[in-house]
Every structure is written in structure tokens, then in C-alpha cells.
Amino acid sequence: MSEGQPSRRTALKIAVTAIVCGVIAGVGGWFIGSAAAPPPRTETKTVTKTVAPKTYTTTVTPPPVTITKTKTVTVTATPAVKEVKIGTVWPLTGPIAASGEKHLKGVELRVKEVNEAGGIKSLGGAKIKLVVADNQGDPKISASETERLITTEGIVGFIGCYTSGTTLPATEVTERYKIPAVVSAGSPKVTGRGFKYVFRAHAEVFKTAKVTFEFLKKVMGVKTAAIVMDSGAYGSISAKVCSALAPDYGIDIVFKELFPTGTTDMKPLLLKVKEAAPEAILAVAYIADALLMVRQMREVDLNVKALIAPGGAGFNDLTFIKEGGKLAEYVLIGIYWSPDAGWPHNAEFVKHYTEVYGEPPDPLVEEAYEAAYVLFDAIERAGSTDPEKIREALVATETIWTAGPIKFSKPGEGFLLHPMLKKLGIKEQIGENIYDNTVIVQVQDGKFVTVWPETVTWKGKTIKVAAAKPRVPMPTWKERGL
Amino acid sequence: MLLPQVILEGVMVGGIYALAATGLTLVLGVMRVLNLAHGHFMMIAMYLTYFLYVFFGLDPFLSIPISMLFLFAVGMALQRTIVRPVIDAPVVNQMILMIGLLIFLENMAAFLWTHNYRALKGYEGVVLSFFGFRLVSTRLAAFAMAVIITVLLYILVMRTKWGRAVRACSTDPDAAMLMGINVPRIRLQAFGLGVALAGAAGSLITTTYYIFPSVGMHYIIVALVIVVLGGMGNIFGALAGGIILGLVEALTSFYVSSQLKLIGVFIVFILLLLFRPEGLFARKRG
């Protein structure tokens, strides 16, 4: 049976080569994936745009927005503005197209709402016209498409791009042309480059980690925690941020380990956690691993006061509740938006979105919807389509919306999400929302329920944010009868 | 106190890995076709088990014969139609065909059943504790079942007339044909059986893991390593190889890091190829 036939040998050789190649590719991919975002391109294109008549496909009625050689794009002297062109760039094809699509829906919903309510009133009811472009998740395409929107479409505001890798180069372009951009992207660099035309309203990894720790400290009095996170880009950044923030809250990280996405067995890892005996577990895991984690925590009888997921990842996926069933109960999530949080306009947003698209919105939809709100609100207050005036209005923003209050940090204030950012060469963050806007959500009776903060006071008004009381600490598996 | 528990978990996982590898080793040994789509046949069986559980409440252990029969039929049909023409073709052609098949199966599953993760809800099993060990009933049962199926297969191949014919086809197809063995038929049945074993493995895995279209990929890589570890075509070697691999994985993730557990597996693999390329359990050549 073990006769060494030549063809079998060859088969083996090829199989081995294939596996080795796969491993090399995997490891290589991991390194590339974990490497920092590509350095901003230092492209110095001279902007001498000759007016290209062929590009005017749509019938624009006002004197065609002639793109002159200077940077001012619209003609402010024109008295009656009929439409305001806003550019939006997302990954609409490629591997992350599904997420890009959600963002676009969020923006489109806000455009629909504003236009149906009579457009921008301070501009005589001018309608918002959305110019959509697809960056395929590619940083280079993201920059070139943004440039195209500015130079040939004449947009006066920008919304994008979901991934930090595509948002960083796109905002390099908007900054160069002085077009205000309200972004949805996670990296601290987005607002940390000294740019004056970039604004971010939604919370990112520092804020979710911060609020998660505040909850653990103030509500639960937790002193020790373990970090068990996915080894991909988000998980590894989150692990770093959580380790850096923990001492600020008097929490001792007694165990820290990352695991690869799509692991089939987590028990050896969970047994190590059990030995370290932390009071809380901070977890980042995608859906399969999140399900496996709670399932195997029960199997090894690992009991903690809190299993909390800063940023959510797989834990705030509806599949987690559906497939996890009873095992999913009590899990806590620190996330920037929740459908049942009591922020102003939130219930209307959820209702309207569900009516229009036939499915409930998720946080990806909301961050884009919120960005669109911020930009259109600024245009309304500016009463102008001059990008400079819109920027001024953005700087003066002081409002509250579906994920909480919004007020942007100004140049020279020295605002920083965390001092550790100085190590990355970030001196200050400009255009960053100074409010944390993160809520704690818990799985209660098969539903995601916002449990913290109970109330938030904003401009003298008390807003009830939480929909229920947190059920803490998490009972042991034995007490749960599982 | 944790170490024995970790070892136990490793052995349990290894049993499932072994079952995944036996079907592969059979097809490779008898037909010299590397069935790269093996893990994806497991995935098909996992969905079958899932739907039988959801719609008819059928216990996954009881659906083992059903998924074996179903995949036996699928395997034979595929062998007749697309695998047979490449049996004597160069290895590269065979691999391209198999990779094509696995891409097709994965995308078909994603199309029909979406990328969502599924689990047999309410089938989490009872946690047994004894002497300070904790063991989940379903996992123990899956392990026992995997061992039983492997032993039965071993008896079938090593102790029956049909098994002798299979081995004859594997060693020397021409001589086997001269002895009056219907080689194409044996190949057909052996391929069907190999795929059926993927079915059994798939049904068992549903009790401990989640179901999604690309679930087969992890298992095929592990199964390939086991096949080489145990010696190609060696069923008992596959069982031992599976358990060794389960242990290596568990111990690497316990002592080093779970991020590096596959590295542990591949270090073993590379060492093996360097020092015992014929496999740990290959018999001395006569």
C-alpha cells in the first residue's frame, strides 16, 4: 500500500508546494494587512483644468458651473442656487461592497429627507444632488475619484469613505482643494494631520474603549480584565488601545492574547484565561469566533462578571443573538450607536430607514447618515455653497443627533483622544467630535438593549439614553442552568 | 491541573480531524486523485445535517447515515462525470479540476444559503465533569463516533474481499485488472466511499462547530497534513495523525499563543517531510 509510485510522489510534492505557498501568502497577507495605512501620496498635480464640455450629461440649468483655474468652485454671485452638489465615495464593488452599500443608503436617506422637507431653506429651497463614486476599497482609486468629483462635477462638500485606507488619501485631495469633508472612518490619523477641512462625528476605537472602561469602573467596579481579541487589523489596534487605557481606570490587564479569525477551537486559550481569573473579558471577535467563544466559555466553565466587546464586531451582529440563543445573553457591547438609544431623532431615523429599505439600519448606516446630517446642517446654516463658508459653519457646529451631541475640536485647541497618540506623531486632532458618543448595549432576552449611560445632560436638557438597566454581573453558567 | 484538560481537548479535536482525513487518504491511496474539495463535501454534509435538524428535528448523530448515503451518491455521480476523465491525466489537471469544484461548491452554498453562520441551536450538549475534568457530551460522542467509523473502515479495507480489491487497484491497477478485478468500478465505489466519509465527518462537526460556506477550507488543510503524516492511503495512520495534530494544535495554543497554532502544525509537517517523507506510520518497503 505504501508503494512509492511516481505519480503519488508528484501529487505530494505539488500538495506541499501549494500548502507552503498558501502559508507564505497568508503570512505575507497578514503582514501587509497589519502594516500601517499607506503613506499619503505626495502628488503635486497642477490644477489647470480646461473646461471639458462633454462631461455635462445632466441638464444643469444655472449658468453651467464653470470650473475656472482657481480653487473656488461655485459662483457665489449667482443668486438662485437650484441644487447643491455633494460628492460621496464608498467601496461599492469589491470585497467590502456590502458595507459600502450600507453607508451609501444612510447618506441617500438623509438626502431624501432634506429634499422632501423642502431642500436647503437658506438657499431658497435648493435641492441636494448627490454625486456618487465607487473607490472599490482601493486607496488610489479613492483619491482619483474624489479629485474627479471636485474638478469635473464641482462638488462643494464630501462624505466618505468607510475604511481608513481609502479615507486618508481621499481627504488629502479634499484638503488640497479646500472642500469640507465629513468622514466615517476609524483611524486617529484621519483628524490628526493638521487638516482644517476634515470632520468626524462618530466615535472610533479610543472612544469605544474609553466608555467601555468607564462602564466597567463606575457601574461594575471591575479591577482586573483579560484581553482576548482577534488578530486582524481592528482587533490588534483595539488590544493596543485597551492595554494603554486600562491603567487610567485602575484596571489591571492580567491576560492578553490575540487569536486568528476563523479558529476552530478556542478552549486552550479560554483555559488560560480561566487560570488568570480576570473579573472581566474584553473581547473582539468576528461572528463565528464570537459564537465559539461563548459556547466554549460554557464548556470550560469560565465565569466572569462581564464579557464586554468594545466596538462590537461579531458580538453586535444579529446572527450572534439568533444562533447564540441563551449563550448570547448578558454579553455587553461598547458601540457608537444603537437603534434603541434615546438620542433625539434616533427613533424617527430607525423608523424611516426601515420603511424605505425594508430592513432595520445598523451602525454602518447610521455613521453615514449622521455624517450627511452634519454636512447638510452646516450648509443650511452657511446659507451658501461656498466651501469656505460651509467649513466655517461646520466649525461652529453644536448640535445633537442620532448618536449623541456633536461639537468639533478647533485648530490650536490641542484636542487629543489619548496622549498615546503623540507617539504616532499626532500633535492634535482637528475636526474631531469632542463628545464620546458611545453607548453600552447588552443582550437581554434575545435583544440588543442600550443599558448605559442612563442619562446625558446636554445644554441643560436631560436626555434619557438607556432603554433598560444593565443586568450585571453576569451570573455563572451554573446559575444560568446551562 | 490545566495541562491534562488541554491534552484531552486536543485528543477530542483530533478525533474529528482524523475522520476528515480518512476519506481523503482513501481517495488518494486508491485513485491517486487528491480530492481538494473534500472539505467542501464536508460543508455540504453540514448543511444537510443542519436542515434535517431544523426541519425534522433529526439528531445530528442520526443523520450520519443519511449524509453518508447522500454524499456517496454525489461522489459516485461526480466520479462518473468529471473525475474519471482526469484519473490518468497529469496531477496539475486533477488539482485544477478539484479547485474548480471546491470554488463551485463554496459559491453555490453562499448563493443558496447565504454567508450567514448557522448552528444547531439548542444542541449544545451536557457538560460532564469527572475527576476535575470537564467534557462536553457531544464532543465525546463525536470523538467516539469518529473512532468507530475509522475502525470500521479499517476492517472494510484490510479484512474484506472488497478491501483487498481496493488495495490491489491502489498498488497496481494493471495487475488488478489482469486478476479480473473491475478496476473502474472499484475506483467509482472507493471515490464514493471517500466522499461519504466526508459526509460523516461533516455531520459530526455540526455538533461542535458552526456552519458556513467556507468552513471546508480549514479542514482540508488540516486533513492534507494528516494524510501525509499518517502515510498516504494508511487509514490507521490517519487516525493517529489526526490525534497528533489535534494535540499539537492544543499544546501550541496553550504554551505559545493561539495566534500561532497553525505554525505549530506546519513545523511538524515540515520536519516530517524532511525526515520521514513517507509518513510516520508507513510500513517498510519490501
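The values are calculated or read from the model by the stated rules, or taken from the named source; none is laboratory data. Note that the structure is a prediction, hence the values are computed from the model and not measured. Cβ: placed from backbone, ideal geometry, glycine included. Neighbour counts: every protein chain shown.
Restricting attention to region B:116-167 and to residues that are of a type outside the set (A, V, I, L, M) and in contact with a Ser or Thr (Cβ under 7 Å, 6 or more places away or on another chain), the residue that is surrounded by the fewest Cβ atoms within 10 Å (Cβ to Cβ) turns out to be B:TYR123. State whether the residues of region B:246-266 include one that is among the polar types (S, T, N, Q) and in contact (Cβ under 8 Å) with a residue 24 or more places away in the chain. Taking every residue of region B:246-266 in turn, none turns out to be among the polar types (S, T, N, Q) and in contact (Cβ under 8 Å) with a residue 24 or more places away in the chain.
Looking across region B:230-260 at every residue that is under 17 Å from B:HIS218 (Cβ atoms) and facing chain A (nearest Cβ under 8 Å), the one that is surrounded by the fewest Cβ atoms within 10 Å (Cβ to Cβ) is identified as B:GLN259.
When restricted to residues that are within 22 Å of the chain's Cα centre (by Cα), hydrophobic (A, V, I, L, M, F, W, C), within 11 Å of chain B (Cβ to nearest Cβ) and surrounded by 21 or more Cβ atoms within 10 Å (Cβ to Cβ), region A:248-293 contains 3.
Restricted to region A:215-322, the set of strands (runs of 3 or more DSSP E) holding at least 2 residues that are under 30 Å from A:SER99 (Cα atoms) and touching a residue at least 40 places away in the same chain (Cβ under 8 Å) comprises A:224-230, A:280-284, A:306-310. Filtering region B:73-126 to residues that are under 30 Å from A:ALA328 (Cα atoms) and outside any loop (DSSP other than H, G, I, E, B) leaves B:GLU106, B:ASN107, B:MET108, B:ALA109, B:ALA110, B:PHE111, B:LEU112, B:TRP113, B:ARG118. Residues that are modelled with pLDDT under 95, closer than 27 Å to A:ASP362 by Cα and among the acidic types (Asp, Glu) do not occur anywhere in region A:104-122.
Just one residue in the set B:LEU112, B:LEU78, B:LEU97 is on the phi < 0 side of the Ramachandran plot, of a type in the set (A, V, I, L, M, F, W, C) and surrounded by fewer than 13 Cβ atoms within 10 Å (Cβ to Cβ); that residue is B:LEU112. Checking each residue of region B:182-192 against the condition of being facing another protein chain (nearest Cβ under 10 Å), in contact with a Phe, Trp or Tyr (Cβ under 9 Å, 6 or more places away or on another chain) and not in a loop (DSSP other than H, G, I, E, B) gives no match. Of the residues making up region A:337-388, those that are closer than 19 Å to A:GLY118 by Cα and in a loop (DSSP other than H, G, I, E, B) are A:HIS345, A:GLY383, A:SER384, A:THR385.
Among the residues here, B:MET1 does not qualify as within 14 Å of chain A (Cβ to nearest Cβ), within 25 Å of B:GLY125 (Cβ to Cβ) and modelled with pLDDT of 90 or more. For region A:199-214, filtered to residues that are in a loop (DSSP other than H, G, I, E, B) and among the small types (Gly, Ala, Ser), the residue that is nearest to A:GLY106 (Cα to Cα) is A:ALA201. Within region A:414-426, being loosely packed, with under 13 Cβ neighbours inside 10 Å and out of contact with any Lys or Arg (no Cβ under 8 Å at 6 or more places or on another chain) holds for A:PRO419, A:LYS422, A:LYS423, A:GLY425.
Among the conditions (1) farther than 27 Å from B:GLY125 by Cα; (2) at pLDDT below 90; (3) part of a helix (DSSP H, G or I), the only one that B:ALA175 does not satisfy is (2). What about A:VAL300, is it more than 9 Å from every other protein chain (Cβ to nearest Cβ), over 25 Å from the mean Cα position of the chain (by Cα) and of a type in the set (Val, Ile, Thr)? When the stated conditions are applied, A:VAL300 does not pass them. For region B:115-152, what are the residues that are more than 10 Å from every other protein chain (Cβ to nearest Cβ) and more than 26 Å from B:ILE7 (Cα to Cα)? The answer is none; no residue qualifies. For region A:287-310, a residue qualifies if it is touching a strand residue (DSSP E or B) at 6+ places or on another chain (Cβ under 6 Å) and of a type in the set (Gly, Ala, Ser), and the qualifying residues are A:ALA306, A:ALA309.
When only residues in region B:168-197 that are among the small types (Gly, Ala, Ser) and free of Cβ contacts under 8 Å to residues at least 12 places away in the same chain count, which is surrounded by the most Cβ atoms within 10 Å (Cβ to Cβ)? Step by step, filter region B:168-197, then rank; the result is B:ALA176.
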